[in-house]
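Enquirer: Okay, handing you the structure first.
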Amino acid sequence: MSRGERRKKKLSVFFKIPLLLGLFLAAITVLVYFIDWPVGVILTVFLVIYFIFTLYMYFNNSEILRREMLNFATSYAQMQGELLRSFDVPYALLDDTGKIEWINDAFAAAVHKDTDYRRSITTIFPTVRRESFPGDGKDIRIQVEFEGSSYMAQIKKLDMADLLPSNTMLDEKARKGELYSLFLIDNTAARLAIQEVDDQSMVVGFVYIDNYEEAVDTLEDVRKSLLVALIDRKVTKYFASIDGICSKMEKDKYLIVMRKKALRQLEEDHFDLLEDAKTVKIGNEMAITLSIGIGLDGLSYAQNYEFARNAIDLALGRGGDQAVVKNSENVTYYGGKSRQVEKSTRVKARVKAQALKEIINSRDTVFIMGHRLGDPDSFGAALGIYRIARTLNRKAYIVINERTISLRQVLSLFEKNENYDKDMIIDSIHAMEYVTDNSALVVVDVNKPSITECPELLKKCKSIVVLDHHRQGKEVIENATLSYVEPYASSACEMVSEILQYTGENIKVRPEEADAIYGGIVVDTNNFTNRTGVRTFEAAAFLRRCGADVTRVRKLLRDDVVSYRAKADAVSHAQIYLDAYAISVCSADDAQSPTVVGAQAANDLLNIKGVKASFVLTRYQNEIFISARSIDEVNVQLIMEKMGGGGHLNVAGCQLENTSIEEAIETLKATISKMTEAGDI
């Protein structure tokens, strides 16, 4: 029973009490007649007078009382409505479609509308949609903005059946309707205060000169100090213009401290210091490039400093000439459009080789793995590490799950070879069985844990070594004991070839091993036409001295007729987008390694005049694989990173799930168009 019905029942009882008392008095009068009839007559006269008076009061005063109560209720409702209309808090009633039914004066003033405005609430607040309205007994809060003011919109459902009494003349359909109340709580001042505090928070950064030694070495002694002074001036002036502090730590390193508000300005300008530094020329043959690492939004200044250290490591690991901004949740990249410069010194390779030797010597077994759907480069690099481990008398395993067509010919050199253990190559299941607490893991040709052959192995091994030539992205292998990531290297096989020369154990590389490692370089450089430098040819020369034969390698890497036809079909059906980008689909369902065929087709598309970059899409295992290639003008790695992938400046790729070929092509085109308009590529 509702509160109104209970109140109504009490009033009814109040009016009936005198009549009930009269009936009780009539019963007493009857009893008195049996005792003393003269007294009974007197009581009868009194009873008649009582009933006449009571009935008169009941029929006359009850009507007056009802009118007065009705007038009071009407006045009360009007008073409530007037109070709500003049309420300082903006208030509105919405129907179940989001249409405004009623607003008070404060709401009308806040949104600059008349009080009879009756359109949808989305015309005022686009973020307040019908789909977000709450259910029974619940309310929601949505942050909304209107003409520079910030509000917290609180919406609550009102059931019509609870609002209307049961005896109304409205039909059942109307009683089942819904209303929604909407309050606007102005929090503009609080938001501005929070924003001001956030703007003033401290940001830590580092600026490194990528090629300091190389650039200075090309100058005369008298000009070296001038070049350094000009770089110092540009860096210091750049950060001083945004009220930042720049302190030189070493000859090629700077520490930066600034406010977060200043960082937003730098991001809007896409860190134009990166391009400005390249204009410093006083006879130096090589342009100066910078790497910037920024850390912010940490729980302490020390954490911001650590974020900045991680960011600058990422920038250097991706080849330099870019800015990396890192907080606790996200990493953002700026720049990175120029080609990496090959470093002529091999000091780093020698240091890493000695460190790798010490790690392997301290462990009983060594596991080596590359990326999923392995290729000649990942297997060749793994084979080089395997030879180092065996030379150091350590048991070694190469982890390969799926033997792709590009690997089968190379694997055939070792599977029935008496010079190699039968368990030299194992799958992930056996690797997890053999691993112990005293095992080392060497990851080659990949630095993303999610796409390694066995991600679980990363959690089991305490000593992890990463050797890769791809640019680092957001996802990296953490807690690596040794990390050697050089984006300028042509291939992982090139890096391992150098390590083989500096391990210091007079390692004897067998001819079949030299063939496999040489083949990895050939594949990743597209027959020495992609990303090749002096060190690439030196690595190839070392392998030739070890017994690598060009003719045998060529035979190992030949395509079968099905793959060749699929590749030719992909090239013949390519479309040119924006007069510069070749996009095609590789329908290599009959091929044993469709993704490899797609990558080869992408390489061939670069031979078309006017094509700056090529993209070949291949469906394989319910995923869309995109192989991206370029020569020198377009950084395809940035494009692939936008789509969740990564790679090199001119060799990259990504994988898309739960999408069709048509949707993937549209996504690719939209990404290219957007980045072209923004000047990112």
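Enquirer: Pull up the range 147-164, narrow it to residues that are at pLDDT below 85 and of a type in the set (A, V, I, L, M, F, W, C), then point me to the one that is nearest to the chain's Cα centre (by Cα).
Expert: The extreme case among them is LEU158.
Enquirer: Looking at the range 235-252, which of the residues that are under 17 Å from HIS270 (Cα atoms) and in contact (Cβ under 8 Å) with a residue 24 or more places away in the chain is surrounded by the fewest Cβ atoms within 10 Å (Cβ to Cβ)?
Expert: ILE242
Enquirer: Report, by residue number, each residue of the range 489-502 that is farther than 14 Å from LEU543 by Cβ and crowded, with 19+ Cβ neighbours inside 10 Å.
Expert: ALA489
Enquirer: Still on this structure: Scanning the range 323-333 for residues that are surrounded by 19 or more Cβ atoms within 10 Å (Cβ to Cβ) and within 14 Å of LYS474 (Cβ to Cβ), which turns out modelled with the lowest pLDDT?
Expert: Per the stated criteria, the residue is TYR333.
Enquirer: Can I ask one more? Just one of (1) over 20 Å from ILE312 (Cβ atoms); (2) more than 36 Å from the chain's Cα centre (by Cα) trips up ALA215, so point out which.
Expert: Checking ALA215 against (1) over 20 Å from ILE312 (Cβ atoms); (2) more than 36 Å from the chain's Cα centre (by Cα), the one that fails is (1).
Results for (1) in a helix (DSSP H, G or I); (2) of a type in the set (Lys, Arg); (3) in contact with a Cys (Cβ under 9 Å, 6 or more places away or on another chain); (4) closer than 23 Å to THR332 by Cβ, shown as yes or no for each residue.
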site: MET640; (1), (2), (3), (4): yes, no, yes, yes
site: ALA652; (1), (2), (3), (4): no, no, no, yes
site: ALA670; (1), (2), (3), (4): yes, no, no, yes
site: LYS674; (1), (2), (3), (4): yes, yes, no, yes
site: GLU677; (1), (2), (3), (4): yes, no, no, yes
site: ILE681; (1), (2), (3), (4): no, no, no, yes
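Enquirer: (1) assigned to a loop (DSSP other than H, G, I, E, B); (2) at pLDDT below 85: which one isn't true of PHE125, the others all being true?
Expert: (2)
Enquirer: Something else: Only one residue in LEU21, LEU43 is modelled with pLDDT of 75 or more and surrounded by 13 or more Cβ atoms within 10 Å (Cβ to Cβ), so which one is that?
Expert: Only one candidate passes the filter, namely LEU43.
Enquirer: So, one more: Within the range 184-214, can you find the residues that are out of contact with any strand residue (DSSP E or B) (no Cβ under 9 Å at 6 or more places or on another chain) and not in a helix (DSSP H, G or I)?
Expert: Listed by number, the list holds a single entry, ASN211.
Enquirer: Can you tell me which residues in the range 555-584 are closer than 27 Å to LEU668 by Cα and among the charged types (D, E, K, R)?
Expert: ARG565, LYS567, ASP569, ASP579, listed by residue number.
Enquirer: Filter the range 616-645 down to the residues that are surrounded by 21 or more Cβ atoms within 10 Å (Cβ to Cβ), of a type outside the set (Ser, Thr, Tyr) and closer than 18 Å to ASP579 by Cβ and list them by number.
Expert: Scanning the range 616-645 gives ALA628, ARG629, VAL634, VAL636, ILE639.
Enquirer: What's the number of the condition ARG309 fails, among (1) within 19 Å of GLY335 (Cα to Cα); (2) surrounded by 16 or more Cβ atoms within 10 Å (Cβ to Cβ)?
Expert: (2)
Enquirer: May I ask you to verify whether VAL351 is of a type in the set (A, V, I, L, M), exposed (fewer than 15 other Cβ atoms within 10 Å of the Cβ) and without any contact (Cβ under 8 Å) to a residue 40 or more places away in the chain?
Expert: yes
Enquirer: Right, something else. Filter the range 427-477 down to residues that are more than 22 Å from ASN393 (Cα to Cα), of a type in the set (S, T, N, Q) and at pLDDT 90 or above, then give me how many there are.
Expert: Total satisfying the criteria: 2.
Enquirer: Which of the residues spanning the range 362-380 are of a type in the set (Val, Ile, Thr) and surrounded by fewer than 21 Cβ atoms within 10 Å (Cβ to Cβ)?
Expert: Passing the criteria: only THR365.
Enquirer: Are any residues in the range 187-210 in contact with a Phe, Trp or Tyr (Cβ under 9 Å, 6 or more places away or on another chain), modelled with pLDDT of 85 or more and closer than 30 Å to GLU147 by Cβ, and if so, which ones?
Expert: none
The values are calculated or read from the model by the stated rules, or taken from the named source; none is laboratory data. Small disclaimer: the values here were computed from a predicted structure and weren't measured. FYI the Cβ positions are ideal-geometry reconstructions off the backbone, even for glycines, and counts take in every protein chain you see.
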